[in-house]
Amino acid sequence: MSREGLDVQEAVTDAPAATTTAAPARAPLPDTAAVQRQASAARRRRRAGMWALRLLLVVVWLGSWEAAATWWIDPFFYSKPSAIWHRLVEWFDIGTQFGSVWEQILITLEEAVLGFVIGAAAGVVLGVLLGRSRYLADVLAPFIKAANAVPRIVLASLFIIWFGFGLASKVATVVVLVFFAVFFNAFTGAREVDRNLLDNARILGASRLQVLGTIVLPSATSWILSSLHTAFGFALIGAVVGEYAGASKGLGLLISNAQGTFDSAGIYAGMIIITVVALVAEWLLTMLENRLLRWRPSASRSSAEVV
Amino acid sequence: MTEDPVIRLRGATKRFRSSSGGVHTAVHDLTMTVGRGEFVAVVGPTGCGKSTTLSLVSGLEPPSEGEAVVNGRPVTGIPDGVGYMFQADAILPWRTVLDNVATGPRYRGASKREARERARDWVRRVGLAGFEDYYPHQLSGGMRKRVAMAQTLVNEPSILLMDEPFSALDVQTRALMQDELLRLWSGTGAAVVFVTHDLEEAICLADRVLVMTASPATVKASFTVPLARPRDVERIRLSTEFLDVYREIWESLREEVEKTRERGGKRVA
């Protein structure tokens, strides 16, 4: 549906009654269907070419690595694609030395997701609260800056001492990582709310709580959602680092164990699994974002494709 | 009209702390009244404090000195029955046309169904029937103004404050919206304070035109517009009565505009 068409209503109401001069003959407009067919064919060709090039890049990259590791460099240190593939197959077929690989993935995911939810919720609540209260924000600013400057990864070790080797210590690590990523965006989002929207809501009869729920939160949503992408990356890192610091299960343990046994293929295999998990999560978050931000003019739709 | 005015400002002064640390007086010792159902246009040079006058009446800003009385009660907070159309777009970009218009009734405790029903009626009245499910970014500037108008009017305000609402529109759309406003306003009995820097617009719409002085603003003169209603904005501009009134008010306004220009010139030089 073309949005340009909507302006017609206003333009038409006051149109002159009749056009007296006959318009000179103009060149006929080209057949739109044919133009469209051509455009979509060109688009398909472009996509196909893109995918072929991507595939070529991967083949060249993995092929040269494999060749180099076979003939020139020591695969003991650098491993090679075929060895990594064998390790992955082994993990998924037979299992790891700590049990099924699926179990490790689920454990890490559980830690990451739990910490992510708690950290993001806390970040949104505190961010919006401080974003709307200048005084509170001024009072707490130095503490927040200091807390943000603490190397939070190190806290993972402290949490192991506090909460033990189980779930709690990893979740705590994830929470401190996720919290700040979300907090600063929620804070900025809540502070940058359009004054006009706030005034308008007050005039229309909104209470303080209604202003918060119907104006501030939706305004901050795009800020918050964009932070969630990075935050989930942090959540996975937090869970893996937490496991690395000490755990009895999880992907971090697999990697740390591979390091202990000089199994470089195992480290790569662990990395690949985490990458895939992160990509799936990223895709889910993008779906959520698209759903929540339906009201926004999407870049692809508004920049109507020029033929 | 002087007895029982709906809006009364007496000796109202508003000072702001400017960003450079000094104090900026936007409005100084301003006294004005608006009667029930009266359409008053406020004109003045750019940046003279016209908008501040509206925020004093709406309760968005308390006066530094003097008093603002609306419907017989001193203004503390937003008074009942006030509607406000802002210069910039103030409709919610994440709500559809229908839900935007339903916002006011929802805030005031109407059920979702009831609010939507009233909103649907107003969407139709401002000529947007069929666009209920569109988001603001899908509409033209004029259509967004219509949404804002419906959003304000659905609350059935007895006082309508308008801050250069049509200044961002192109000339043709603006004339159309002025007609539209007069059509919607007639019969509501609402008092209107319409701030604008466009004298033509002021005369076309109002019963009375107040001329403000250069900053800090105060009322310089008040002119009655003797044009009959209903008015056709496009046609009325060409009548001799219109031109007579225009000339008379412009004489008064011109001095203030020149004062503002001189000051601006000094600042630039």
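The values are calculated or read from the model by the stated rules, or taken from the named source; none is laboratory data. These numbers come from a predicted model, not from an experiment. FYI the Cβ positions are ideal-geometry reconstructions off the backbone, even for glycines, and counts take in every protein chain you see.
Only one of these conditions is not met by B:Gly37: (1) away from chain A (no Cβ under 14 Å); (2) assigned to a loop (DSSP other than H, G, I, E, B); (3) on the phi > 0 side of the Ramachandran plot; (4) more than 18 Å from the chain's Cα centre (by Cα). Which number is it? With (1) away from chain A (no Cβ under 14 Å); (2) assigned to a loop (DSSP other than H, G, I, E, B); (3) on the phi > 0 side of the Ramachandran plot; (4) more than 18 Å from the chain's Cα centre (by Cα) applied to B:Gly37, the lone miss is (4).
Go through segment A:171-191 and give me each residue that's touching a Ser or Thr at 6+ places or on another chain (Cβ under 8 Å) and more than 14 Å from chain B (Cβ to nearest Cβ).
The initial filter retains those residues of segment A:171-191 that are touching a Ser or Thr at 6+ places or on another chain (Cβ under 8 Å), namely A:181-182, A:184-186, A:189-190.
Within segment A:171-191, A:Ala181, A:Val182, A:Phe184, A:Asn185, A:Ala186, A:Ala190 meet the criteria.
Considering segment B:148-167, and only residues there that are assigned to a loop (DSSP other than H, G, I, E, B) and not β-branched (Val, Ile, Thr), the residue that is nearest to the other protein chains (Cβ to nearest Cβ) turns out to be B:Asn155. Does B:Gly11 fit the bill of being of a type outside the set (S, T, N, Q) and buried (at least 18 other Cβ atoms within 10 Å of the Cβ)? Judged against the criteria, B:Gly11 is not a match.
Counting only helices (runs of 4 or more DSSP H) that sit wholly inside segment B:169-269, those with at least 2 residues that are out of contact with any helix residue (DSSP H, G or I) (no Cβ under 8 Å at 6 or more places or on another chain) and surrounded by 13 or more Cβ atoms within 10 Å (Cβ to Cβ) are B:171-185, B:240-268. From the set of residues in segment B:62-77 that are surrounded by fewer than 20 Cβ atoms within 10 Å (Cβ to Cβ) and within 14 Å of chain A (Cβ to nearest Cβ), which is nearest to B:Arg106 (Cα to Cα)? Among those residues, the one meeting the criterion is B:Gly77.
Once segment A:141-154 is narrowed to residues that are surrounded by 15 or more Cβ atoms within 10 Å (Cβ to Cβ) and closer than 22 Å to A:Trp223 by Cβ, the residue that is modelled with the highest pLDDT is A:Ile144. Scanning segment B:159-184 for residues that are over 17 Å from B:Val147 (Cβ atoms) and of a type outside the set (S, T, N, Q) turns up B:Ile159, B:Leu161, B:Glu164, B:Asp170, B:Val171, B:Ala175, B:Asp179, B:Leu182. Apart from one condition, A:Asp194 fits all of (1) surrounded by fewer than 18 Cβ atoms within 10 Å (Cβ to Cβ); (2) within 16 Å of the chain's Cα centre (by Cα); (3) within 14 Å of chain B (Cβ to nearest Cβ); the exception is (2). Applying the criterion of at least 2 residues that are touching a residue at least 12 places away in the same chain (Cβ under 8 Å), surrounded by 18 or more Cβ atoms within 10 Å (Cβ to Cβ) and not polar (S, T, N, Q) to the helices (runs of 4 or more DSSP H) found wholly in segment A:56-137 leaves A:81-93, A:101-132.
Pairing each residue of segment B:107-121 that is free of Cβ contacts under 8 Å to residues at least 24 places away in the same chain with any residue that is assigned to a loop (DSSP other than H, G, I, E, B), provided the two are 6+ apart or on different chains, yields C-beta distances under 7 Å for B:Tyr107/A:Gly205; B:Tyr107/A:Ala206; B:Ala115/B:Ala102; B:Arg116/B:Ala102; B:Arg120/B:Glu132.
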